Amino acid sequence: MNIPTKYNPKDVENKWYKYWLENKYFSSKPDKREPYTIVIPPPNVTGVLHMGHMLNNTIQDVLIRRSRMLGFNACWVPGTDHASIATEAKVVAKLKEQGINKEDLSREEFLKHAWEWTDKYGGIILKQLQKLGASCDWDRTKFTLEDNMSKQVIKVFIDLYNKGYIYKGYRMVNWDPEAKTTLSDEEVIFKERQGKLYYINYKIEGEENDIQIATTRPETILGDVAICVNPNDERFKHLKGKKAIVPISNRVIPIIEDDYVDMEFGTGSLKITPAHDPNDKVIGEKHQLEVIDIFNDDATLNNYGLHYKGKDRFVVRKEIVKELEELGVLVKTENHIHKVGTSERTKAVIEPKISEQWFLKMEKLVEPAKKAVLETKEVELIPNKFEATYKHWLENIRDWNISRQLFWGQRIPAYYYGDGQHDFVVANNIEEALILAKKKTNNQNLKTTELVQDNDVLDTWFSSWLWPISVFNGINEPENEEINYYYPTNDLVTGPDILFFWVARMLFSGYEFRNEKPFKKVYLTGIVRDKQRQKMSKSLGNSPDPLDLIATYGADGVRSGILMSAAAGNDLMFDEQLMSQGRNFANKIWNGFRLIKSWEVSDIIEQPKTAKIAIEWYKVKFQSVLHFVDEQFEKYRLSDALTAIYKLIWNDFSSWYLEMIKPAFGQPIDAVTYKETITFLEDNIKILHPFMPFLTEEIWQHIKTRTKETALIISDYPIKTTFDTNLINDFDYFSEVVTAVRNIRKEKNIAFKEKINLFILKNEDVTSNFNTVISKLCNISVFSTVTQKVENAISFRVKSNAYYIPFSENIDIEAEKKKLEEELKYTKGFLIGVQKKLSNERFVNNAPEKVILIERKKEADALVKIKTLEESLKTI
């Protein structure tokens, strides 16, 4: 088989991904093996690949590929989320470009456009994940709005409604005026913003006196229904029972008293606007105040806005401040930093709004999920630092607002049969609804034409919270073969930003509908940030296109680069240099493979001693790393696992082992050593395969002819065995000797082809196992033990043993002596500086312990170096 000179990622990646797909290696069906299951966090159908997806899906693919090789029935279920708000916004924008307004379309007409858009653009991200090498079972691809998935969502809604968990009620909700829908509390992101605090005087009815309030939202005074003061505040005792006049509207409103008011904050008096502030709403209900909603759904002002009707709230804020100034009631304005709620999807400023919505009671649903994570540890969060935030959220959870004022999504299965909004039944379809409505009304003449389905759709998360169950049809058929085999899944890999949106809710649904956890472990990845620690995003312009990175560095280079910088659960500081390092690693492995395959193999020649000890050592070294890698996988420290494999292949295999067994130029290698070397190469690429699948499959297939049954992707992972660490320690010692000799050759310009002698003066026992290897790697003519110092020689120490290389004729002894003296003088001066610092009591008492330890190490190293230099001078 012809082996290309250079590794070409593009050709290799396309070739092997196609081969894997054709041979159904990603496919999974229930069988007698133990399953290993991951469900992908479904990206938005509108989405394209970004750096967060790259990290998350690379981790999932590493876990799934390794499990496949370990003999598990690996099943990775892909899919996309219909993303109600994001998708509807995209479709509305597209229609606007065509001169079409959503308001001019019927529901059916709009949905036709939405499905056309989804069919054309949706799912692009899944194709992009294939470029990364994701080994998902693509035949299982799900979409949260496809018929079977939607049926399960509706079934769950009906079940929870019949249990009394779902109800309809008026509540203060988070209103997104751009998407024109409500949002759950978790979809609101609070951001600190610079605003203004406006101090405004309200006239007391029938008097010349005023009462002053402070507000950040002067446009809402048109919805004021009262002014509230603390009953214990002496400043306002004279106002009890009186009324105030709202500026501009001139409406008369009562001055009320309530302990809620903080006497020390602001002016001590509050304007009460129940329609636009959650705290005001509570006071309004308590005092039975009217509610005046001054906003339209798009946050423009309605009829209550008087001459500001039809204008945007922020435009009105500027204009109303000017009018208040002209009226002489604006006392002063101050800068004010406060937190403003914004939509997680559209970034619009949220408007508190009283609205009738559908809610899910959370109190009972929360308990099993809380217990599983915080008490029994049946579900493990990795890293566990997220348990505190999980606990806080669950203990402060409010009922979930599950209705959205959109067309794109599962339509709420409530059917109204009367004139009021409370005459309804909940059913799977209009035919079932008619049966229930007839029963409820005792009106057998009722027709389907008299039933009207609720216009709202369900929150997107209300479908994705069922994901680990619904992808296996577990709601429709609770006892089907697949749900019983694959559920609960094993690992969930996701970001901490959706720990509440999605992870906790899946736990709620898992225990509610299957009385079992949906997954065993949740690995919460870090956030990908740039060098300035900003979150990477296309909107900030600090995120490279992942597909461009793959084109530049190859998928394996990108996968390994991103994982080497991703410590478990910590944010990832993205550095493109690591991608380059990943590409260089791929080239290093490829070149090592080509070197091995270039050797002529002989069945006649005897195996050298150097090769025997090299093989013994590498077997032990490989087992040591294999054990370490497995331990890191247990802890989800994939970065540490990959780094260990990287060092094993780059340093131990390529730089040491191959040098130790390499035949002399033009000479063959013995068959025994070659066979062992191929085995080592195969084992190396087996443990590397989950991280760098394309390169490893390419090399595997080049080593010898393989069938589809012997492809690397389904090969057996190396088996752990016991090993002797003494051989590793012996090698570490030997490698120090070799490195020291090589450094001396380099410093003294002694060519490698020039043989040298090496003598050891032993102060501690050391194995001679590696002596033949030292002789080979250092081109030693005589290597023997001496009982006293060797004169006229360069010396170095490894541990307490002294090594001597006698001067050759080419070395200028006087120049060497002068160089050693200068180095000794410098080192003694350096030591004085370090010791001066360590004798400074103030420094020792105040410096961090880590800094003190560094200085003490400097002192110890300098003392050793001085001793070595002095001994070297004595031998000259």
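The values are calculated or read from the model by the stated rules, or taken from the named source; none is laboratory data. Just so you know, these numbers come straight off a predicted model, no measurement behind them. Ideal geometry is used to build each Cβ from the backbone, glycine not excepted, and the neighbour counts take in all protein chains shown. These area figures cover heavy atoms from the full protein model, side chains too; ligands, DNA and RNA do not enter into them. Shrake-Rupley method; radii C 1.70, N 1.55, O 1.52, S 1.80 Å.
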*Tell me, which residue of segment 151-171 that is open to solvent by less than 30 Å² (accessible area, probe 1.4 Å) and under 30 Å from Pro352 (Cα atoms) is modelled with the lowest pLDDT?*
Gly169
*Options Ile221, Ile256: the member that is of a type outside the set (Gly, Ala, Ser), at pLDDT 90 or above and under 48 Å from the mean Cα position of the chain (by Cα)*: Ile221
_Number of positions in segment 368-379 that are within 21 Å of Phe157 (Cβ to Cβ) and open to solvent by 10 Å² or more (accessible area, probe 1.4 Å)_ = 1
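From Lys364, Lys353, Lys391, Lys385, which residue is in contact with a Leu (Cβ under 7 Å, 6 or more places away or on another chain), farther than 15 Å from Met506 by Cβ and open to solvent by 10 Å² or more (accessible area, probe 1.4 Å)?
When all the criteria are applied, what remains is Lys391.
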*Give the residue that is modelled with the lowest pLDDT, with candidates limited to residues of segment 543-558 that are in a loop (DSSP other than H, G, I, E, B) and open to solvent by 30 Å² or more (accessible area, probe 1.4 Å).*
Pro544
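Every residue, every condition in (1) outside any helix (DSSP H, G or I); (2) over 30 Å from Gln130 (Cβ atoms), yes or no:
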{"position": "Leu681", "(1), (2)": "no, no"}
{"position": "Trp700", "(1), (2)": "no, no"}
{"position": "Tyr717", "(1), (2)": "yes, no"}
{"position": "Phe723", "(1), (2)": "yes, yes"}
{"position": "Asn743", "(1), (2)": "no, yes"}
_Would you confirm, using the coordinates I've provided, whether Ala114 is in contact with a strand residue (DSSP E or B) (Cβ under 7 Å, 6 or more places away or on another chain), open to solvent by less than 50 Å² (accessible area, probe 1.4 Å), small (Gly, Ala, Ser) and assigned to a helix (DSSP H, G or I)?_
no
*Selected residue [open to solvent by 50 Å² or more (accessible area, probe 1.4 Å), more than 41 Å from the chain's Cα centre (by Cα) and either more than 13 Å from Cys228 (Cα to Cα) or modelled with pLDDT of 90 or more (or both)] from Val291, Val246*: Val291
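From Lys874, Lys850, grab the single residue that is out of contact with any strand residue (DSSP E or B) (no Cβ under 6 Å at 6 or more places or on another chain), without any contact (Cβ under 8 Å) to a residue 12 or more places away in the chain and basic (Lys, Arg).
Lys850
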*Among all residue pairs at least 6 apart or on different chains, which show Cβ distances below 8 Å where the first residue, located in segment 782-807, is under 9 Å from Leu761 (Cα atoms) and the second is open to solvent by less than 30 Å² (accessible area, probe 1.4 Å) and assigned to a loop (DSSP other than H, G, I, E, B)?*
Asn801/Val766; Tyr804/Val790
*How many of the residues making up segment 570-588 are touching a residue at least 40 places away in the same chain (Cβ under 8 Å) and of a type in the set (Asp, Glu)?*
2
*Taking segment 10-28, which residues are surrounded by fewer than 19 Cβ atoms within 10 Å (Cβ to Cβ), over 16 Å from Thr710 (Cα atoms) and hydroxyl-bearing (Ser, Thr, Tyr)?*
Ser27
*asked:* Can you find, within segment 850-876, the residue that is farthest from Ser795 (Cα to Cα) among those that are of a type in the set (D, E, K, R) and at pLDDT below 85?
replied: Lys850
_Selected residue (only one of Lys588, Lys597 is touching a His at 6+ places or on another chain (Cβ under 9 Å), over 30 Å from Phe386 (Cα atoms), assigned to a helix (DSSP H, G or I) and open to solvent by 10 Å² or more (accessible area, probe 1.4 Å))_ = Lys597
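Please find, within segment 39-59, the residue that is modelled with the lowest pLDDT out of those that are aliphatic (A, V, I, L, M) and in a helix (DSSP H, G or I).
It comes out as Met51.
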